[in-house]
Amino acid sequence: MKLLHIGKKGNLERFSEKEHQLPEFELVDLPVGLPEEEYLMEAGDADIIIADAMARISGDLLCRMPKLKMLHSEGVGYQYFDLEAASKQQIYVCNCKGMNALAVAEQTLLLMLGMLRDVKNSDEAVRRGKQLEKKEGYMKAGNLLELSDCKVGLVGFGDIGKCVAEILKVFHAEVFYTSKSGRDIEAEKRYQVTYLEFSDLLKTCNMISVHLPLKEDTYELVKEEFIDSMRNGSFLVNTSRGELIKGKALIEGLKSGKLAMAALDTIAGEPVQPDNELLCQKEIQAKLLFSPHAECLRA
């Protein structure tokens, strides 16, 4: 059988638990972003594609690979795969569900704590020799919170949301969740969380963390109406997909003070360029905390 890998060269060897299985395949290892003709020329007769989660796998490519039986995402995401074409061609589409749930949950907690402790701006102040001024400013304002002071709202309660809830128990935060699938009584007992309808969750919680896949109905879910419904001075975390957030709405929410701060592990338009709209607004830079979408990159 022939296997086409579209991603970082060597990843299959690097992460395969059963190395003896790879020699069973004729492996063609190619990077993301090549012209489709090159994939077809090198592996148009492949039986399986394993692709980087951010690779764009078009319907045209799938239709021109007559032997293809399975398309597998290297990660959890598959939003750039043409699922309709795969279905028509009777190609199985798979992902690695839950593979990085704990790593993303840890990143979520890192960003939550980073905002509450104002890590970015505190670090910059110390580097400028302004430690005392910064410390006195916090003492005067009295605006540094602990997670136990927060009502945390999880928008989405899949593998990652559950891991976040599990960790938050240690911090004694009051945790709420909302999910399209509705209440999960057993999960509520296990993770010590409370279900709220979507609109009620936004009104109740002052720390909102988004844990949803990118689909047609979640694209720019976090827009003006979403932010307007949140409590004044709330915190927002996104470790899912950048396209879940409408950039202009986020900018206005930060400018108005509706949002105290936002922490983003991913931004629409990755890889992020210096002219990204979120980086071009000087007045909100102190209210933004970024990380490079790099959880779970173990050697």
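Annotations
- The set of residues in the range 57-82 being at pLDDT 95 or above and among the aliphatic types (A, V, I, L, M) consists of 57, 61, 62, 65, 68, 70, 71.
- Among helices (runs of 4 or more DSSP H) entirely within the range 157-205, having at least 1 residues that are polar (S, T, N, Q), surrounded by fewer than 21 Cβ atoms within 10 Å (Cβ to Cβ) and over 18 Å from the mean Cα position of the chain (by Cα) singles out 198-204.
- Cβ-Cβ contacts under 8 Å between residues 6 or more apart (or on different chains), taken from a first residue in the range 176-188 that is farther than 12 Å from residue 165 by Cα to a second residue that is of a type in the set (A, V, I, L, M) and outside any loop (DSSP other than H, G, I, E, B), are listed as 178/154; 178/155; 178/201.
- Restricting the range 267-294 to residues that are under 15 Å from residue 107 (Cβ atoms) and surrounded by 20 or more Cβ atoms within 10 Å (Cβ to Cβ), the residue that is modelled with the highest pLDDT: 289
- For first residues located in the range 232-259 and surrounded by fewer than 22 Cβ atoms within 10 Å (Cβ to Cβ), partners that are of a type in the set (Gly, Ala, Ser) and at pLDDT below 95 and lie 6+ apart or on another chain with Cβ distances below 6 Å form the pairs 242/268; 243/268.
- Under the condition of being modelled with pLDDT under 95 and within 15 Å of the chain's Cα centre (by Cα), the residues counted in the range 86-128 number 9.
Residue by residue, here is whether (1) in contact with a strand residue (DSSP E or B) (Cβ under 9 Å, 6 or more places away or on another chain); (2) within 19 Å of residue 287 (Cα to Cα) holds:
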position	(1), (2)
96	yes, no
103	no, no
106	no, no
111	yes, yes
114	yes, yes
124	no, yes
135	no, yes
142	no, yes
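- Residue satisfying all of: in the range 46-92; part of a loop (DSSP other than H, G, I, E, B) and β-branched (Val, Ile, Thr); nearest to residue 294 (Cα to Cα) among these: 76
- Filter result for residue 66 (out of contact with any His (no Cβ under 6 Å at 6 or more places or on another chain), surrounded by fewer than 20 Cβ atoms within 10 Å (Cβ to Cβ), farther than 22 Å from residue 270 by Cβ and not acidic (Asp, Glu)): yes
- All positions within the range 264-296 that are within 26 Å of residue 32 (Cα to Cα), touching a residue at least 24 places away in the same chain (Cβ under 8 Å) and of a type in the set (Asp, Glu): 265, 270, 277, 295
The values are calculated or read from the model by the stated rules, or taken from the named source; none is laboratory data. All of these numbers come straight from a predicted model, not from anything done at the bench. All Cβ positions, glycine included, derive from the backbone under ideal geometry; neighbour counts span all protein chains shown.
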